[in-house]
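Heads up: the structure comes next, in structure tokens.
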Amino acid sequence: MDLLALIVAVVALVTALFTLRRAGRPRRGSGIDALPEDLHGLRQEVAALRSEGTDALRHLAVVRYDAFGDMGGHLSWSVALLDDGGDGVVITSIHGRSDARTYAKSIGGWTCEQQLSPEELEAIEHAHP
């Protein structure tokens with residue numbers, strides 16, 4: 001009886017090992033060779049989306065400050081809105097006691113042809129990755 005139990009246990013062990021070994025092998029039609037044929041098309045779409053994303057205004061920074069010494073609260077601000085190439089705009093709003101003025105300056109390649117205030121430069125630097 002013990003011999004029969006031993007034989008059954010050995011057969012069960014061999015069967016289990018065989019099953020585990022087969023499960024570890026890739027089946028025919030699976031793996032990298034079985035990827036859909038349109039995978040190349042999907043890769044092209046992902047590349048197109050990535051290139052479109054470079055034009056998005058993804059880099060932004062806001063600098064708040066007091067433009068005048070007699071006013072507090074950091075009501076004035078400069079915001080830089082730039083894409084991956086450093087192209088975009090910096091917008092500044094200066095708040096005084098009786099008025100507020102807003103300025104916009106074009107940015108190209110992380111620089112500007114117009115003179116920038118220290119706060120505008122700071123906003124661009126903070127937006128730069």
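The values are calculated or read from the model by the stated rules, or taken from the named source; none is laboratory data. Computed from a prediction, not measured in an experiment: that's the story for all the values here. Backbone-built Cβ (ideal geometry, glycine too); neighbour counts: all protein chains shown.
Can you find even one residue in segment 27-47 that is modelled with pLDDT of 65 or more and under 20 Å from residue 127 (Cα atoms)? Looking through segment 27-47, none of the residues is modelled with pLDDT of 65 or more and under 20 Å from residue 127 (Cα atoms). Among the residues of segment 72-84, some residue qualifies, meaning at least one is among the hydroxyl-bearing types (Ser, Thr, Tyr) and in contact with a strand residue (DSSP E or B) (Cβ under 6 Å, 6 or more places away or on another chain).
Inspect segment 76-84 for any residue being at pLDDT below 95, in the same structural domain as residue 123 (by TED's automatic domain parsing) and farther than 23 Å from residue 128 by Cα and give the result as yes or no. So far as segment 76-84 goes, no, none of its residues is at pLDDT below 95, in the same structural domain as residue 123 (by TED's automatic domain parsing) and farther than 23 Å from residue 128 by Cα. Exactly one residue out of 86, 108, 96 is under 21 Å from residue 57 (Cα atoms) and touching a residue at least 24 places away in the same chain (Cβ under 8 Å): that is 86. Before we move on, is residue 92 touching a strand residue (DSSP E or B) at 6+ places or on another chain (Cβ under 8 Å), modelled with pLDDT of 90 or more and either assigned to a loop (DSSP other than H, G, I, E, B) or loosely packed, with under 13 Cβ neighbours inside 10 Å (or both)? Spelling it out, it is not the case that residue 92 is touching a strand residue (DSSP E or B) at 6+ places or on another chain (Cβ under 8 Å), modelled with pLDDT of 90 or more and either assigned to a loop (DSSP other than H, G, I, E, B) or loosely packed, with under 13 Cβ neighbours inside 10 Å (or both).
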